[in-house]
Amino acid sequence: MSDPADQSRRQWHFDWRLLLFSGLFLPLLIGLGVWQLERAQEKKTQLAQWQQEAGSLSWVELEAAGLEAGQPVTISGRYGETSWLLDNRTRDGAPGYEVLTLFLPEQGRPVVVNRGWLQAPRRRDELPEISRPNGDVRLQGRLSDFPEPPVLKDVSRESDEWPRRTQSLSHQQAQEVQADVAGLVLRLSGPEQPGAYRADWAPDMMGPQTHYGYALQWFSLAAALVILTVVASYRKTGANDDNDNG
């Protein structure tokens with residue numbers, strides 16, 4: 001049977017540097033977690049409002065309320081004859097284009113519709129054949145920014161023929177063809193939409209679940225900080241240690 005005097009025990013040791021470090025970062029981590037929860041709730045409210053508006057408001061009314069990237073939209077009208085082929089878009093290792101076509105609503109400003117991905121012909125000097133539905137159609141999708149690189153400038157040569165191959169498409173470029181075109185692009189919701197090609201891109205909008213995930217990370221870091229602080233503050237002591245220190 002071991003001597004109780006030789007058994008080590010843990011005692012609290014005050015370390016002001018450790019407590020100062022924890023005291024500074026713990027409120028910050030908790031605050032970031034709470035902020036992410038608030039952002040998640042705001043996004044849920046915004047999505048619910050957008051979904052209601054998409055089914056109840058017309059394109060003209062949505063424009064008047066202010067369009068935002070990520071907003072779901074239902075719009076009726078017809079496809080125009082103008083299409084851009086957004087170059088250097090690959091899927092499953094195959095080169096291709098994203099097809100963007102001008103859409104003319106029954107009422108309101110025209111809008112560029114991203115109809116999805118289409119594989120490129122083998123020869124670079126050939127363009128894929130583009131078709132579109134005739135007559136009026138009803139489209140569903142989400143608004144997104146124009147596919148314009150933040151820094152690089154499109155140096156591709158403009159052509160008088162349509163469809164037109166381009167490395168990027170800015171709102172200004174679209175306005176040169178249709179002066180009153182909307183400032184955002186409508187991405188079709190899926191391949192079942194009229195005139196859609198391979199419309200299976202990943203969503204680019206941060207939803208509530210993403211914010212919940214970030215909140216969990218911040219709260220986990222806060223919990224880990226508390227545990228590590230407590231563990232580090234309790235140190236083993238024993239009879240031999242006491243004698244040595246004395």
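The values are calculated or read from the model by the stated rules, or taken from the named source; none is laboratory data. Everything numeric in this text was worked out from a predicted model, so none of it was measured. A quick note on method: Cβ atoms are made from the backbone with ideal geometry, for glycine too, and the neighbour counts reach across all protein chains shown. Heavy atoms of the whole protein, side chains included, go into the accessibility calculation; ligands, DNA and RNA do not. Shrake-Rupley method; radii C 1.70, N 1.55, O 1.52, S 1.80 Å.
Here are the numbers for this structure:
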item	result
Counted residues, the stretch 75-92 - those being modelled with pLDDT under 90 and either assigned to a loop (DSSP other than H, G, I, E, B) or closer than 24 Å to Thr45 by Cβ (or both)	1
Residue count for the stretch 29-44, restricted to those that are open to solvent by 90 Å² or more (accessible area, probe 1.4 Å) and within 15 Å of Leu221 (Cβ to Cβ)	1
Matching entry among Gly183, Gly213 (being in a loop (DSSP other than H, G, I, E, B), open to solvent by less than 80 Å² (accessible area, probe 1.4 Å) and modelled with pLDDT under 95)	Gly183
Ala54 being open to solvent by less than 70 Å² (accessible area, probe 1.4 Å), within 16 Å of Gly207 (Cα to Cα) and at pLDDT below 85	no
In the stretch 216-246, residue least open to solvent (accessible area, probe 1.4 Å) [restricted to those that are at pLDDT 90 or above and among the polar types (S, T, N, Q)]	Ser220
Hits in the stretch 104-140 - residues which are part of a loop (DSSP other than H, G, I, E, B), touching a residue at least 40 places away in the same chain (Cβ under 8 Å), among the basic types (Lys, Arg) and over 13 Å from Ile75 (Cβ atoms)	Arg132
Lone qualifier among Val112, Val99 - being open to solvent by less than 20 Å² (accessible area, probe 1.4 Å), in contact with a helix residue (DSSP H, G or I) (Cβ under 6 Å, 6 or more places away or on another chain) and modelled with pLDDT of 95 or more	Val112
Criterion violated by Tyr197 - all others in (1) open to solvent by 80 Å² or more (accessible area, probe 1.4 Å); (2) farther than 23 Å from Ala48 by Cβ; (3) aromatic (Phe, Trp, Tyr) satisfied	(1)
